[in-house]
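To start, the structure under review is shown below, and the notes come after it.
The values are calculated or read from the model by the stated rules, or taken from the named source; none is laboratory data. Owing to the predicted nature of the structure, the values given are computational and were not obtained by experimental measurement. Counting neighbours? That spans all protein chains shown, and the Cβs are built from the backbone with ideal geometry, glycine included. Quick note on the areas: whole protein, heavy atoms, side chains included, nothing else; ligands and nucleic acids left out. Shrake-Rupley method; radii C 1.70, N 1.55, O 1.52, S 1.80 Å.
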Amino acid sequence: GWFQPGLSADVLVVGAGPAGVSAVVALRSQGRRVLWVDPEFNSGRLCRYMDVPCNTKVDILVSKKNFGHPLLNDKEVNVSRALDALRETAHELNGSIDPSSLGWTSLGRCKDIFQLATSQLLDAGVPHLRGKVTKLTPCANGWEAIVQKESGREQSLKAFAVVLATGGEPKRCGGDLALRSAAKAMSLEVTFQKEQLTAALAPRQRVAVLGNSHSAAVALAKLGDFAEPLQLRVACFGRRAVRCAEWLPQHDCYKYTSTGLKGFGAVFGREHMEKGNSWLEIKDVKDFEEDQWDWVVDATGYKQSALPEIVGTDSSQLLRNEDTGRLEPPAGAASVGNAQLFAVGVPWGEAPGRFWGKGFENVEGFRGETTFTGFSLFLDRALLITEEINKALAVESKV
């Protein structure tokens with residue numbers, strides 16, 4: 001399964017998080033020759049969120065659109081035993097008004113499923129390389145990629161198409177919330193990891209959390225464990241009142257699925273993020289003043305992780321064509337190489353109408369929910385991208 005010098009393939013997949021796994025599974029199911037690159041092959045950022053409550057109930061996770069999908073339960077990849085463990089370890093969520101017959105779980109259990117799929121793909125002989133793709137250069141019949149390996153050495157690879165599953169990372173107090181003192185910024189991911197949070201906090205510190213998302217709810221809950229022992233002052237700053245998603249059983253989906261709280265976030269949000277409590281203040285973001293806080297946690301969302309350098313193109317200006325999954329320059333600019341450059345996963349959200357919420361695009365609670373991402377959507381998008389690559393290869397074979 002290791003790369004050989006000069007090896008080429010139909011598709012280079014960059015990233016081995018949930019979206020990368022989805023891309024490899026989808027492409028392999030259609031017989032495409034795949035090269036796979038990632039620094040760790042450890043389920044991407046999920047490995048940092050092991051104790052974070054998943055905001056998706058197990059009823060949905062085990063469905064055939066998610067972990068029960070045929071592509072994840074086939075000859076090459078079969079996650080059934082991890083799926084059984086997910087069911088067996090699911091738990092009730094006290095205070096939840098969202099109906100769930102199977103219960104709730106953590107992102108750590110979801111990580112186990114993707115890690116099993118990754119191991120099975122590598123054991124099946126998928127050519128792979130541990131390293132980071134640093135540069136993509138258009139070349140004859142496709143792309144040349146430069147990979148910086150663990151050893152520090154570089155290796156060149158070639159492929160007809162490239163699928164970027166490079167993921168996203170928490171925002172860091174930018175725009176109108178940019179901090180004068182960068183030293184005050186605490187990464188959202190620090191709040192998710194007890195050891196790091198313990199090391200960062202000191203008695204009587206003042207901690208501001210920006211945003212009232214699911215991530216904000218988890219961060220506040222983690223800070224709450226330290227609030228009384230350390231006599232912390234904690235405040236949550238939002239642009240609007242906290243909102244919870246609403247399960248619509250007749251349609252088997254949620255309203256406000258990307259902007260509303262679900263699962264643990266909804267329970268914590270209703271109890272603590274509407275009016276606050278003895279250790280938590282709820283404030284409008286317009287009242288945020290940096291000087292009043294020792295730490296500031298940005299929980300307003302995720303931004304795109306840095307893409308590889310793409311020769312001849314400003315990668316920061318690329319936009320995804322939602323009909324095809326291709327990354328394209330703004331209107332009027334030159335195309336990117338052979339145009340076979342695709343993106344899947346966070347932070348490229350999926351608007352209602354294509355993979356979910358069909359017929360509800362203009363309904364309140366669906367309209368504007370464009371940042372929605374999820375494991376099932378990664379598979380849906382990966383299959384669409386696979387179709388596009390198949391069509392492009394068919395045209396190429398006739399030239």
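The chymotrypsin sites (Phe, Trp or Tyr not before Pro) of segment 178-243 include none that DSSP puts in a loop with a beta carbon having at most 14 other beta carbons within 10 Å. Length gained on full extension, residue 101 to residue 391: 100.2 nm, using 0.36 nm per residue less the C-alpha separation. Please say if segment 294-348 is rounded, prolate or oblate, where rounded means a/c under 1.5 for a ≥ b ≥ c the square roots of the C-alpha gyration tensor eigenvalues, and otherwise the choice is prolate for a/b larger than b/c and oblate otherwise? Verdict is prolate for segment 294-348. Helix 80-89 and the long axis of the chain differ in direction by around 0°, with both axes built from C-alpha atoms.
From the coordinates of this entry, Kirkwood radius over Cα pairs in Å is computed, and it appears in [x] 22.4; [y] 21.8; [z] 28.0 under the label [x]. Excluding residue 262 itself, what net charge comes from residues whose Cβ is under 10 Å from its Cβ, given Lys and Arg +1 and Asp and Glu -1? The answer is -1. Sites listed here are GluC sites (Glu not before Pro) in segment 50-122 whose DSSP assignment is loop and whose Cβ has at most 13 other Cβ atoms within 10 Å: 92.
Of all the options 364, 388, 290, the one that moves most in a Gaussian network model of the chain with Cα springs shorter than 10 angstrom is 364. When you filter the trypsin sites (Lys or Arg not before Pro) in segment 73-160 for DSSP loop state and at most 12 other Cβ atoms inside 10 Å of their Cβ, you are left with 75, 153. Across the chain, the relative contact order, built from alpha-carbon pairs under 8 Å that are at least six residues apart, equals 20 percent. A probe of 1.4 angstrom, applied to the heavy atoms of all protein chains, finds residue 123 with accessible area near 130 square angstrom. Under the rule a/c < 1.5 gives rounded, and otherwise a/b versus b/c splits prolate from oblate, where does segment 70-143 land using the Cα gyration tensor? Cα axes put segment 70-143 in the prolate bin. The figure for residue 91 is an accessible area of roughly 90 square angstrom, using a 1.4 Å probe on the protein chains alone. Within the shell defined by Cβ-Cβ distances under 13 Å, the residues around residue 113 carry a net charge of +2, with Lys and Arg each +1 and Asp and Glu each -1.
Among 36, 295, the order of accessible area from largest down is 295, 36, computed with a 1.4 Å probe on protein heavy atoms. Please give the net charge around residue 222, taking every other residue with its beta carbon less than 12 angstrom from that of residue 222, where Lys and Arg add +1 and Asp and Glu add -1. With Lys, Arg at +1 and Asp, Glu at -1, the neighbours total -3.
Scalar couplings 3J(HN,Hα) for segment 368-378, obtained by applying the Karplus form with A = 6.51, B = -1.76, C = 1.60 to θ = phi - 60°, are x, 7, 8, 9, 5, 10, x, 4, 5, 5, 4 Hz; x denotes Gly and Pro.
The residues of segment 217-268 present an accessible area of 42 Å² per residue when probed at 1.4 Å with all protein chains retained. Might you work out the accessible area of residue 190 for me, using a 1.4 Å probe with all protein chains in place, and round it to the nearest 10 Å²? Roughly 30 Å² of residue 190 is accessible to a 1.4 Å probe. Dividing the mean sequence gap of close Cα pairs (under 8 Å, 6+ apart) by how many residues segment 223-277 holds gives a relative contact order of 27 percent. For the set 346, 77, solvent exposure ranked by accessible area (probe 1.4 Å, protein chains only) runs largest to smallest as 346, 77.
How far is helix 263-272 tilted off the main Cα axis of the chain, in degrees rounded to 10, range 0 to 90? Roughly 20 degrees between the two axes. What shape does segment 242-398 take by its C-alpha gyration tensor, where a ≥ b ≥ c are the square roots of the eigenvalues and a/c under 1.5 counts as rounded, a/b above b/c as prolate, and the rest as oblate? Oblate is the answer for segment 242-398, as a/c is 1.5 or above yet b/c matches or exceeds a/b.
Accessible surface of the chain, 1.4 Å probe: 48 percent of it comes from carbon and sulfur atoms.
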